[in-house]
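Contents: one structure, followed by commentary.
The values are calculated or read from the model by the stated rules, or taken from the named source; none is laboratory data. What you see is a predicted model; the values in this text were computed from it and never measured. For neighbour counting, all protein chains shown are included, and Cβ atoms are generated from backbone atoms with ideal geometry for every residue, glycine included. Quick note on the areas: whole protein, heavy atoms, side chains included, nothing else; ligands and nucleic acids left out. Shrake-Rupley method; radii C 1.70, N 1.55, O 1.52, S 1.80 Å.
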Amino acid sequence: MHVDDPTADGANDPLVNGERIMRICNACRYCEGYCAVFPAMERRLQFTRSDLNYLANLCHDCGECYYACQYSPPHEFNVNVPKSFAEIRARTYRQYAWPAPLAAMFARNGLAVSLVLALMLVLALSAATLVLGKDLVAATPDPAGDFYRFMPHRVMAGVLGGVFLFVALALAMGFIRFWRDMGESLSEFTRPDALRRALGDVLTLKYLDGKGAGCTYPDERRSQARRWFHHLTFYGFALCFAATVVGTIYHYAFGWKAPYGYLSLPVVLGTSGGVGLLIGPAGLLWLKLRSDPQTSDPGQLGMDVAFIALLFATSLSGLALLALRDSSVCGLLLVVHLGVVSALFLTLPYGKAVHGIYRSAALVRCALEKSQPMPDAGLD
Ligand code: SF4
Ligand code: SF4
């Protein structure tokens, strides 16, 4: 870290360590073919706070540079890029989050906050249902599986719509803070060539592919497991979201009210997405628990597990609701599912999910940089 940087906090500041490591790497450059981080690093001789925030979010935490490094511990240089960048990333999650107090609360104990929030939301929705004069457990099951008899559509849409608007605003604020910290204008973000390139990298998880050999995660052996579990999680979430959008269009544009048949478009999309959201997060948790402690930041484990657990619970409760919608416990399953979904969305801006936004934005910036000639200040 530059000694005149007011944010520098001596040896305890992850940015100070990050800058020290980047200076060593910039002299060495052995790892330049591994990922997008090292070519971006080579464009710089000095590393400001913003540069380190950018590079840390460009890193996808594969660990490959750690396993290849001749200066990693026990060498006295103590070069550990993935761990250093994991610590810097965690710092950026708090720095860019909006509103900040919620981020601080979540950062201290992400898993407990997520579970308590989900429980509180389930209890609040149960109370609201009872206040509306509905029963949570039906005396007579409805063969059609109509869950609006437990909670009116306007209440359900109001709760989820309010949560969605708040989360969209919080995520947009986080993105704007990240992008401004990079020193880029918002108009640069919309440059079609950079956007197209970054979108391709994101949707294919290009860097987790390791040029066909896979990624060194959770340990030194290469594997495609992390990439496929990520794909199942991301596309599973996207399909579930698409199911909600199609259901909303059916309701408001065509007046077709839920419940929809098992072979209808919203149910097919939701079921396929739900299966992906069961397998993907379970696989990611399995990998996470086996990941090399040398390359990870233990302080983030709770936050990571909280996100994975809420994704899994969202899918499990959604599929259970679909399977048992014509049973007497339909109302109970409905409030559990809505509570878990709301908790998942409310924690998105403060947990692991923001990695997807900041990393995607970092890839756009990387594409913008690649379209520029190498700066004269570079070492080439
Ligand atoms: S991680 Fe190690 S081997 Fe790789 S560039 Fe840095 S110093 Fe060199
Ligand atoms: S951990 Fe992987 S993604 Fe991160 S800098 Fe090292 S090689 Fe690149």
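Laid out as a table, the results:
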quantity	calculated
Segment Y71-Y30, length gained on full extension (0.36 nm per residue, minus Cα span)	13.7 nm
Cα gyration tensor, segment 180-247 - rounded (a/c under 1.5), prolate or oblate	oblate
Pairwise label distance in nanometres, V116 with D209, each label 7 Å out on the Cα-Cβ vector	4.4
Surface accessible to a 1.4 Å probe, per residue, for the residues of the chain, Å²	47
D135-L301 FRET efficiency (beta carbon distance; Förster radius 35 Å; 0.05 resolution)	0.30
For the chain, with +1 on Lys and Arg beta carbons and -1 on Asp and Glu, the positive-most of H153, Q46, G273 along the dipole	H153
Residue order for K352, K257 - accessible surface, 1.4 angstrom probe, largest first	K257, K352
For segment 14-25, Karplus couplings with θ = phi - 60° (6.51, -1.76, 1.60), whole Hz, Gly/Pro x	x, 5, 5, 5, x, 5, 4, 5, 5, 5, 5, 4
Cβ charges +1 (Lys, Arg) and -1 (Asp, Glu), total dipole of the chain, debye	680
Choice from V267, V81, V122 with maximal GNM fluctuation in the chain (Cα, 10 Å cutoff)	V267
Gaussian network model of the chain, Cα within-10 Å springs - most flexible of A306, A36, A68	A68
S72 long-range amide H proximity, modeled H, under 5 Å	V79
Leading residue at positive end of dipole, the chain (Cβ point charges), from P141, S360, P73	P141
Lysine pairs within segment 96-367, Cα separation less than 25 Å, 8 or more sequence positions apart or different chains	5
Cut-off 12 Å between beta-carbons: net charge of the residues surrounding P349, Lys and Arg +1, Asp and Glu -1	+3
Backbone HN-Hα couplings from phi across segment 84-91 [Karplus 6.51/-1.76/1.60, Hz, Gly and Pro as x]	4, 5, 4, 5, 5, 4, 4, 5
Highest-fluctuation residue, G255, G200, G270 considered, GNM on the chain with Cα pairs under 10 Å	G255
The chain, helix-only ellipticity at 222 nm - DSSP H runs n ≥ 4, -39,500 (n - 2.57), divided by all residues, nearest 500	-20500 deg cm²/dmol
Sulfur and carbon atoms: percent of accessible area, the chain [1.4 Å]	66
Shape category assigned to segment 14-95 from the gyration tensor of Cα positions, a/c cut at 1.5	rounded
Residue-span extension gain [Y148 to T248] - 0.36 nm each, minus C-alpha spacing	34.6 nm
Gap separating the Cα centres of segment 251-281 and segment 306-378, nearest whole Å	18
Gain on full stretching of the segment that runs from T190 to R222 - 0.36 nm per residue minus C-alpha separation	8.0 nm
